[in-house]
Amino acid sequence: MLRFTIKRLASAVLVMFTISVLVFLIFFATPGVNPAARIAGRSASPQVLANVAKEFGLNRPLPIRYGLMMYHLFIKQDLSSYVNIGDRIIPQITAAAPITLSLIFGAVVIWLLVGVSAGVIAAKNKGKFIDPLVMFFGIAAISIPVYWLGQMVLLVTQGGLHRTIFAWAPNGGYVSLTQSPWQWALHLLFPWLTLASLYAGIYARVLRGELINNMNEDYIRTARAKGLSERRILYRHALRCSMISIVSLFGLDVGVLVGGAALLTEVVFGLPGVGFLTYQGLQNLDLPLIMGCVMYGAFFVVLASAVVDVLYAYIDPRIRVVA
Amino acid sequence: MGEIGELPATESVATKITVKLAAVDSESPWRSSLQQLRRNRAAMVSLGVLLFMVAVTLLAPVYAHDIAHSNPFASNLQGRIKIGGHYRSVMPANTQGLGLGVTPIGPTWHFSTYFLGADELGRDVFARILYGGRVTLLIGFSSGLICIAVATVLGMLAGYFGRATDWIISRLLDIVWAFPIYLLAISLSVILVTSGLDLGIVHIGAGSLLLPILIIASVYVPYVARPVRGIVFSLKERDFIQAAIASGASDWHILRKEIWPNVAPSVIVFFPLMVALNILTESALSILGIGVQPPQASWGTIINDGLQLLYTRPWVAIAPGICIVIVCVALNILGDGVRDAFDPRAKLRGSI
Amino acid sequence: MSLDDHSTDAVLSVRDLTVSFATRQGVVRAVDGLSFDVGAKEVLGIVGESGSGKSVAMYSMLGLVRDANVSISGSVLFEGREILGLSDADMQSVRGGEVGMIFQDPMTALTPVYTVGWQIVEQLRAHNEMTKKAAYERAAELLAEVGIPDPKSRINHYPHEFSGGMRQRVVIAMALSCNPKLLIADEPTTALDVTTQAQILDLMGRLQATHGSSIVIITHDMGVIAEIAHRVVVMYAGRPAEIGPEIDVVRSARHPYTWGLLGAVPRADVKTRRLVTIPGNAVSPLEVPPGCAFAPRCQYRMDICEQRPPLRGAHDHLDACWLSDEQRLAIRSTATVRGES
């Protein structure tokens, strides 16, 4: 198990390296794009352009340029914006991270609860009317653009009904957990529900499929032949085996969300998380900011998926031997 | 040999007697899969809905020129329209609050003019949705097609040739796979959409629809290429492929005649789901300002336009969203039907 | 012997069991009027090609055929008690408790995410009041009994850490864990290699002697029957073709289908090297003819075969074939001449 963990983390480091190279190539070596002009932003003076060229070694060979980028990003952590001159990027990201994590944490709890129970209910009632009903909601959930759903939620809670039923709904923004746990939850409630809906839909669909497949496996017949109750067969055998694929999905999803996929939800609800920061970078074409967000986000994803794989090996004993 | 009589033997030697339980399917697997799909009512209704949406958006110019007589791409702040004999301004002055500024006209619910009202520039929202639908559907289908084509070729090459070819392709896929989709798309878009892509002979302009199409297609390549590679890998172990290799058939022949027919059903299963995924991705990128660029419009950009008008003219944002939902629900239901008919064991995620 | 009324001293007494499935193409009778008895400590072999309904018959009587379109009729007495149509809860105490089951593919028969000890303990505790500790000790004893070396540590291993033969031993240990009166083994050796097959059959024979369970063994392999069975039911297309003591059915088979099955077994004592098969494929369950089901593949087919032959015979050796004793004698003597040429 320890050997597996070390091996998996080592490969994560390798993936991080290749991702950083890919980011570097996109930002500094795309054909037909002048990186200095893009980094310095619109209407930069020749002086600024020269500074950029020096900071990132733009006239030096590619490997040195890569080294300089990594140096500013991770070692000296002094990457600065040229749009809002002098703003350090890394502290902004670390300040925004708790907000993104709060958003994702609540959404995860909701989507696991809703997705898993919906999947189990649908699989249990296969052939009855409730299964297609649940699955239709699942399909609807995965077909709704998240930001649009967020807008519709805002329209309902902040629009005409805000004076009556939804008078209690806050006007957006974020209150930190340490300041007031209650307000924290209240401000995040609708973002949580919005973000969770898509994933609840995915998980319900995947789990239903897995459960139905697993219920046709030979070991379920063995379990029946052992005289176990249908309930125990479903929960202790079929569900337990189906959770293997749910966990592997889960790791990727949480990683990708923390890495920036929650940005649309953050933008719609005005939550100043990492995603919102990326969005601001896009609005101002603030390349260093985007570069920082992308790199930190991507690294988080890789780390999360490594952690999940280790967890996965713990759940599914077969993996340990293969790896 | 004693008392047991020997029965006349057939030429084949069978150690285990096998039975085809239902040897009724003498027709080709394609035909029977299609037949099964045709019997799936939900999938057929979805297909009908999709065709309807495609037809309606294709008729956008007819609507704009011959029915609404409006140009959905030119601002029309001073425009006036005739409803029930009365002329009304497209951008009437505010009556509430301080009475400053103008608010676009709301839905008239008259099919022939400003059916869903106007946007901030006084343009006909309904006509824009029809035009935007063309762009959204074009991006969705073409990026889905490109993605699947590239992924299938890569997956087949990696799976068939193995060794170095497989190693290189697999590592490439790994990198893209590990990269969060949105971050990759954002990185590519932010560099490309404002300056275009210049690859020596090929130049793709900044506003070209090809950019979002190629970006969306490339980020999802591993989603399809990895399973295809796996299928080809296991196919290669099968007797009929081994026999073809032993008989000296060329690689190209084997890939085309032996492998492709067995990969095709799985690939087809991916298509509707990838299109739905790509439509959602396109609208997300457009919302962020890095997808479809003006003057082009897509359902995503129209939703973005509607953001500022959300509380005063909600239909500007509601209507294109509903269009996306309808198309994606139809694609997903159709996708489920295609999977059940062609490759019931395929493991697919619902969406991203 | 008659199969009209239930036998009173049998552990399992099946009468006129019929299992049919409603499909889009029509009603399929997977099992059609099957009757047999299993006596105390007896090993009954049910033999037939795949698709002959032998597994479905056994699964359906234990409520293991969970298909909305199935209908089961007939009567199955287990220890004198009717078990067809028992409620799920009542059936659960029969399954695993009084009837143990062994399946064909040991690679997939165990839940992959639990240790083998956990899975045996689960069954022990489902049917007996016992502490976890006692159950684990009993599980280790069972593993030792089925010949798994170092059972105390192997109990904490996962199924994938065992070889196929060892896994089948685990499955057997599990099936025997509650000292069942009846053991149903569905092709227990088919998925194993030849040497392991022999070991598993040997193990089953020994355990049967020590535990005193009756066994129903389902197989397509006459070799297995000859090895272990006391009595045999030969099934074709869901119907019994021949029933009798193992020695009678193997040495002097009466039904042409059984001749084919026997011919398909490579036997060391046969001079000819040629293997014999039955021409054609087993009949599709959708197209079972109204008369003798085997007639379309039978080279001794007669006009009367358009009618369904009754199961009849002398003493305890019954068969469903219209051939007269004289005809059979003639066929067998000419076949012998040809076989030795």
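Helix-only arithmetic for chain A: the sum of -39500 (n - 2.57) across DSSP H runs with n ≥ 4, divided by the residue total, places the mean residue ellipticity at 222 nm at -23500 deg cm²/dmol.
For the listed residue pairs A:Lys226/C:Lys132; A:Lys126/A:Lys226; A:Lys226/C:Lys152; A:Lys7/B:Lys236; A:Lys7/A:Lys76; C:Lys41/C:Lys181, the alpha carbons are over 20 angstrom apart in A:Lys126/A:Lys226; A:Lys226/C:Lys152; A:Lys7/B:Lys236; A:Lys7/A:Lys76. Summing Cβ point charges (Lys, Arg +1; Asp, Glu -1) relative to the Cα centre of the range A:225-285 gives a dipole of roughly 580 debye.
Just to confirm a number: summing +1 for Lys and Arg and -1 for Asp and Glu over residues other than C:Ile225 whose beta-carbon lies under 11 angstrom from that of C:Ile225, what do you get? Counting the neighbours of C:Ile225, the net charge comes to -2. Relative to one another, the C-alpha centroids of the range A:83-116 and the range B:270-337 are positioned 25 Å apart. When the Cα centres of the range C:208-242 and the range A:193-238 are compared, how far apart do they sit, in Å? Value for the Cα centre distance between the two parts: 35 Å. The listed residues A:Met70, C:Met91 rank as A:Met70, C:Met91 when sorted by accessible area, largest first, using a 1.4 Å probe. Centroid-to-centroid, using Cα positions, the range C:39-83 and the range C:119-181 are 26 Å apart.
In the protein assembly as shown, inverting the average of 1/r over every pair of distinct C-alpha atoms gives 33.4 Å as the Kirkwood radius. Ordering A:133-144, C:306-317 by mean Cβ neighbour count within 10 Å, with the highest value first, yields A:133-144, C:306-317. Dividing the radius of gyration of the alpha carbons in the range A:1-155 by their Kirkwood radius gives 1.15 for Rg/Rh.
Summary value for the range A:206-248: 56 percent relative contact order, contacts being C-alpha pairs under 8 angstrom separated by 6+ residues. Listed by chain and number, the aspartates and glutamates placed with their C-alpha closer than 15 angstrom to that of C:Lys54 are C:Asp16, C:Asp32, C:Asp37, C:Asp186, C:Glu187, C:Asp221, C:Glu242; residues fewer than eight positions away on the same chain are left out. Each Cα pair under 8 Å and six or more residues apart adds its sequence gap; the mean of these over the residue count of chain A is a relative contact order of 25 percent. In the range C:78-117, comparing the full protein assembly with the chain on its own, the residues that lose 50 Å² or more of accessible surface at a 1.4 Å probe are C:Gln92, C:Phe103, C:Thr108, C:Thr111, C:Pro112, C:Val113, C:Tyr114. On a per residue basis, the convex hull of the C-alpha atoms belonging to the range C:1-67 measures out at 105 Å³. Among the GluC sites (Glu not before Pro) in the range C:96-176, those placed in a DSSP loop whose Cβ has at most 12 other Cβ atoms within 10 Å are C:Glu129. Summing +1 for each Lys or Arg and -1 for each Asp or Glu among the other residues whose beta-carbon sits under 12 angstrom from that of A:His237 gives +3.
Annotation note: trypsin sites (Lys or Arg not before Pro) in the range A:41-147 located in DSSP loop regions with a Cβ neighbour count of at most 11 within 10 Å are A:Arg42, A:Lys76, A:Lys128.
The values are calculated or read from the model by the stated rules, or taken from the named source; none is laboratory data. In this text the structure is predicted, and so the values were computed from the model without any measurement. Methodologically, a virtual Cβ is constructed for each residue, glycine included, from the backbone with ideal geometry; neighbour enumeration extends over all protein chains shown. Each accessible area value is taken on the protein alone, full model and side chains, heavy atoms only, with ligands, DNA and RNA left out. Shrake-Rupley method; radii C 1.70, N 1.55, O 1.52, S 1.80 Å.
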